[in-house]
Amino acid sequence: MPKILDGATIASAIKREVAEEVRALSEHGVIPGLAAVLVGHVPASEIYVRSKVQACADLGLYSDLITPSDTVTTEEMLSLVAELNAREDIDGILIQLPLPAQVDAKALLDAVDPAKDVDGFHPVSAGRLMAGRPTLAPCTPAGVIEILKRSNIPIAGRHAVVVGRSDIVGKPVAMLLLHQNATVTICHSKTRDLGSITRQADILVAAIGRTGSITPEMVTPGATLIDVGINRLTTREEFDHFFKGDAKREAAFLKRGSVIVGDIHPKAFEISGAYTPVPGGVGLLTIAMLMSNTVRAAKMRRGL
Ligand SMILES: NC(=O)c1ccc[n+]([C@@H]2O[C@H](COP(=O)([O-])OP(=O)(O)OC[C@H]3O[C@@H](n4cnc5c(N)ncnc54)[C@H](OP(=O)(O)O)[C@@H]3O)[C@@H](O)[C@H]2O)c1
């Protein structure tokens with residue numbers, strides 16, 4: 001039977017550790033603070049940001065939720081970021097993506113003080129990660145490494161294949177795996193004969209954004225499968241294709257009108273050695289790592 005790498009258990013353990021650090025810092029009069037900037041009314045973003053603010057409250061961090069309207073300009077956002085960069089009570093700045101089309105997202109992310117870049121998206125953070133001296137690594141990739149380490153999955157010397165090369169997931173996760181001494185191959189949409197490469201993986205990380213696209217034939221039995229993908233199935237046909245006969249998911253599908261599936265086909269999990277479920281895997285680590293990064297930023301800024 002494959003081992004299920006349970007994101008909830010691992011995220012809870014990390015959050016407990018963060019809460020402990022926050023308690024210790026409070027004895028020195030330090031309360032780590034996160035500014036969460038949520039522009040407009042994108043329902044998914046509202047849910048994510050609410051969870052992040054709630055996590056701050058649960059773990060004893062200070063948070064400030066700032067909600068500019070969806071007509072905000074790049075200039076207004078830049079002056080907001082400058083204000084947050086200067087604020088002593090703010091250690092981490094989170095700008096929830098996506099932003100409205102009129103806002104230059106890159107200019108904004110570049111304007112965040114790298115010392116407060118808890119999402120790890122600033123070029124300085126990316127450069128430090130590349131150089132093997134990461135300060136604030138992107139949260140989802142950092143969560144992937146925590147899952148592997150805390151589940152005692154060996155990384156050093158193993159062949160890790162990462163499918164996806166985004167700045168947010170694929171590239172940083174590949175770099176973090178390299179720093180853990182994996183032999184890393186990065187694949188993308190122009191990769192030829194993807195299956196011949198994914199079959200070589202001891203650890204296969206899928207960050208593609210395409211529903212169930214890593215099929216069982218693309219996986220070597222016993223491999224560790226890390227599924228970063230979050231895709232929503234909304235039609236009966238799609239549901240039956242992936243989950244026909246799964247009574248529990250069917251009940252959820254009928255209740256909510258949709259279910260989540262990753263980038264790895266659920267049938268591939270059955271032949272793996274270990275895998276992260278979707279939902280309940282990597283996704284749960286992202287907020288835990290954001291909290292961890294905020295505390296780290298608070299300590300770094302004070303030389304603690
Ligand atoms: N908290 C979380 O758990 C979390 C966080 C972030 C993202 N996600 C999820 O992770 C997935 C990836 O996110 P992302 O932001 O990295 O997406 P992205 O920016 O769209 O990048 C997707 C990557 O997959 C590659 N790709 C697309 N089709 C492919 C194919 N047929 N074969 C091989 N590679 C292919 C693309 O290649 P090219 O570069 O050649 O176009 C690209 O590098 C999404 O499902 C997203 O929802 C989850």
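The values are calculated or read from the model by the stated rules, or taken from the named source; none is laboratory data. Every value quoted in this text rests on a predicted model; they were computed, and no experiment measured them. Here Cβ is always computed from backbone atoms with ideal geometry, including for glycine, and neighbour counts include all displayed protein chains. Keep in mind that these areas ignore ligands, DNA and RNA; they rest on the heavy atoms of the full protein, side chains included. Shrake-Rupley method; radii C 1.70, N 1.55, O 1.52, S 1.80 Å.
Test ILE197 against the criterion of being within 12 Å of the ligand (Cβ to nearest atom), more than 17 Å from LEU5 (Cα to Cα) and either among the aromatic types (Phe, Trp, Tyr) or part of a helix (DSSP H, G or I) (or both), and give yes or no. When the stated conditions are applied, ILE197 passes them. Number of residues in the range 273-285 that are outside any loop (DSSP other than H, G, I, E, B) and in contact with a Gly (Cβ under 8 Å, 6 or more places away or on another chain) equals 4.
Taking the listed residues ALA35, ALA82, the one that is over 19 Å from the mean Cα position of the chain (by Cα) and either at pLDDT 95 or above or among the polar types (S, T, N, Q) (or both) is ALA82, with no other qualifying.
Quick one: in the range 252-272, of everything that is outside any helix (DSSP H, G or I) and open to solvent by 30 Å² or more (accessible area, probe 1.4 Å), which residue is farthest from VAL163 (Cα to Cα)? Give the derivation first.
Going residue by residue through the range 252-272, those that are outside any helix (DSSP H, G or I) are 257-265, 271-272.
Right, trim to open to solvent by 30 Å² or more (accessible area, probe 1.4 Å) and you get 257, 260, 271.
Details: GLY257: 29, ILE260: 19, ILE271: 19 Å.
Only one residue tops the list, namely GLY257.
One residue stands out in the range 218-232 among those that are within 16 Å of the ligand (Cβ to nearest atom) and in a loop (DSSP other than H, G, I, E, B): the one that is surrounded by the fewest Cβ atoms within 10 Å (Cβ to Cβ), namely ILE230. Kindly indicate whether any position in the range 148-169 is open to solvent by less than 10 Å² (accessible area, probe 1.4 Å), assigned to a helix (DSSP H, G or I) and within 16 Å of the ligand (Cβ to nearest atom). Yes - at least one qualifying residue is present in the range 148-169.
In this structure, does ALA86 turn out to be of a type in the set (Gly, Ala, Ser) and surrounded by 19 or more Cβ atoms within 10 Å (Cβ to Cβ)? Judged against the criteria, ALA86 is not a match. Screening LYS106 against (1) open to solvent by 60 Å² or more (accessible area, probe 1.4 Å); (2) in contact (Cβ under 8 Å) with a residue 40 or more places away in the chain leaves a single unmet condition, (2).
Checking the structure you have, find out if any residue of the range 282-298 is open to solvent by 40 Å² or more (accessible area, probe 1.4 Å), at pLDDT 95 or above and within 14 Å of the ligand (Cβ to nearest atom). Spell out the reasoning first.
At the first step, the residues of the range 282-298 found to be open to solvent by 40 Å² or more (accessible area, probe 1.4 Å) are 283-284, 296.
Right, trim to at pLDDT 95 or above and you get 283-284, 296.
If we keep only those that are within 14 Å of the ligand (Cβ to nearest atom) too, we end up with 283-284.
Checking the range 282-298: at least one residue is open to solvent by 40 Å² or more (accessible area, probe 1.4 Å), at pLDDT 95 or above and within 14 Å of the ligand (Cβ to nearest atom).
Entry remark, the range 22-52: residues being open to solvent by less than 40 Å² (accessible area, probe 1.4 Å) and within 19 Å of MET291 (Cα to Cα) number 13 in total.
Across the range 89-103, the number of residues qualifying as touching a residue at least 60 places away in the same chain (Cβ under 8 Å), farther than 20 Å from LYS52 by Cα and open to solvent by 20 Å² or more (accessible area, probe 1.4 Å) comes to 1.
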